[in-house]
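To start, the structure itself, in structure tokens.
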Amino acid sequence: MSCPDGDGFADDIPVSGVTDPAYDPDKDDREGNLRPQRLADFLGQARLKENLGLFMTAARERREALDHVFLIGPPGLGKTTLAFIIANELETDCKVTSAPALEKPKDLAGILTTLRERSVLFIDEVHRLKPAIEELLYIAMEDYELDWIIGQGPAARTIRIPVPPFTLVGATTKAGMVSSPLVSRFGIQLRFDYYESEELAAIIRRSSTILGARIESSAVGLLSRSSRGTPRIANRLLRRMRDFAQVGPLARPRAL
Ligand SMILES: Nc1ncnc2c1ncn2[C@@H]1O[C@H](COP(=O)(O)OP(=O)(O)OP(=O)(O)O)[C@@H](O)[C@H]1O
Ligand SMILES: [Mg+2]
């Protein structure tokens, strides 16, 4: 491991992420290249995938924006991954934000005005949207317009700015905290289930191929049973097991 900058961190460690107080090591996504890019590589969740694949094909054939998609499920099951896959499969761009980052209506307005026809806008943690932002979003989702107030007091007036037809993908781990007017505006609602052991085994095999690590079937079984139905945990355990296999007490001697 080299530290060319002399800062004590190897090049690949996201220094800003580590020093960020909001940094959650559980979500450390140095597994970026493990994230599937296409629906075919997204393993498990068969029913969800089948439905979504069909809706995307239909929208593509009609050359329309896909209806808004609501992704619901516990952490680490693939919501963010699927949002990017939707944009990839629809061959469109994906604008990404999360509800806590949208402090003022102008933050959302700034994003809405950059959307193109059939763009995907991914908003993570939608249960944390502020009421004023939700109000703006309702009109944008339903009428593809942005209600904007200019001026103040009695001189204030509202102008409506058109927004191109786009697809909002909202994700949450806490569906019960999302207001029903917002939920009802998502035409497609997809709920993630915890993964079966065989599905996790397939994910572990795929990840180990990408990482270039050979893994025995018994180890795949052990990891998949220890992953609590969650691909993020499976990938994390795989990377730690790889570390042990490389330099742990049972590692094969290596030429230095
Ligand atoms: N179906 C899948 N097939 C293969 N890998 C997957 C799948 N789902 C998730 N993963 C892997 O698990 C990791 C975590 O998934 P992701 O970040 O999409 O979860 P999330 O549901 O958005 O979690 P959070 O709620 O914490 O944001 C991904 O980086 C990806 O490598
Ligand atoms: Mg996520």
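We did not get these values from a lab; they are worked out from the coordinates using the rules stated. None of the values given here were measured: they were computed from a predicted structure. Note: ideal-geometry Cβ built from the backbone for every residue, glycine included; neighbour counts use all protein chains shown.
Given R₀ = 51 Å, what would the calculated FRET efficiency be for residue 149 paired with residue 216, taking r from the Cβ atoms and rounding to 0.05?
With R0 = 51 Å, the Cβ-Cβ based efficiency is 0.20.
What dipole magnitude, in Debye to the nearest 20, does the range 195-256 give about its Cα centre under +1 on Lys/Arg Cβ and -1 on Asp/Glu Cβ?
280
Would you mind calculating the relative contact order of the range 110-243 from Cα pairs under 8 angstrom and at least 6 residues apart, reporting the percent as a whole number?
Once divided by the residue count of the range 110-243, the mean separation gives 23 percent.
When the chain is treated as a GNM, springs tying every alpha-carbon pair under 10 Å, which of 44, 151, 170 comes out with the largest mean-square fluctuation?
Evaluated over the chain, the most mobile residue of the options is 151.
Per DSSP H run of at least 4 residues, take -39500 (n - 2.57); add these up for the chain, divide by its residues and hand me the 222 nm value, nearest 500 deg cm²/dmol.
It comes out at -11500 deg cm²/dmol, rounded to the nearest 500.
Restricting attention to the range 97-187, which GluC sites (Glu not before Pro) occupy a DSSP loop and are surrounded by at most 15 other Cβ atoms within 10 Å?
Working: sites: 103, 117, 125, 134, 135, 142, 145; in loops: 103, 117, 125.
Answer in residue order: 103, 117.
Which of the trypsin sites (Lys or Arg not before Pro) found in the range 26-98 are in a DSSP loop and have at most 15 neighbouring Cβ atoms, other than their own, within 10 Å?
30, 38, 63
Residues with amide H under 5 Å of residue 169's amide H, sequence separation 5 or more or different chain, H placed in the peptide plane at 1.01 Å from N; which?
69, 121, 122, 123
Return the FRET efficiency for the residue pair residue 132, residue 91: r is the Cβ-Cβ distance, R0 is 22 Å, and the value is rounded to the nearest 0.05. Intermediate results must be reported in sequence, preceding the final value.
Values: r = 33 Å, r/R0 = 1.52.
My answer for the efficiency is 0.05.
With the contact rule set at Cα under 8 Å and sequence spacing of 6 or more, what percent relative contact order holds for the chain?
In percent, rounded to a whole number, it is 21.
Out of 181, 154, 231, any idea which swings most in a Gaussian network model of the chain, alpha carbons joined below 10 Å?
154
Give me the dipole magnitude in Debye, nearest 20, for the range 32-191 about the Cα centre, with unit charges on the beta carbon: positive for Lys and Arg, negative for Asp and Glu.
Taking the Cα centre of the range 32-191 as origin, the dipole is about 240 debye.
Helix 46-62 versus the longest principal axis of the chain: what is the Cα-based angle in degrees, 0 to 90, to the nearest 10?
50
Could I have the simple spin-label model distance between residue 50 and residue 250, label points 7 Å from Cα toward Cβ, reported in nm to one decimal?
If labels sit at residue 50 and residue 250, their model points lie 4.0 nm apart.
Across the chain, how many lysine pairs, 8 or more positions apart or on different chains, have C-alpha atoms separated by under 23 Å? Please give the number.
17
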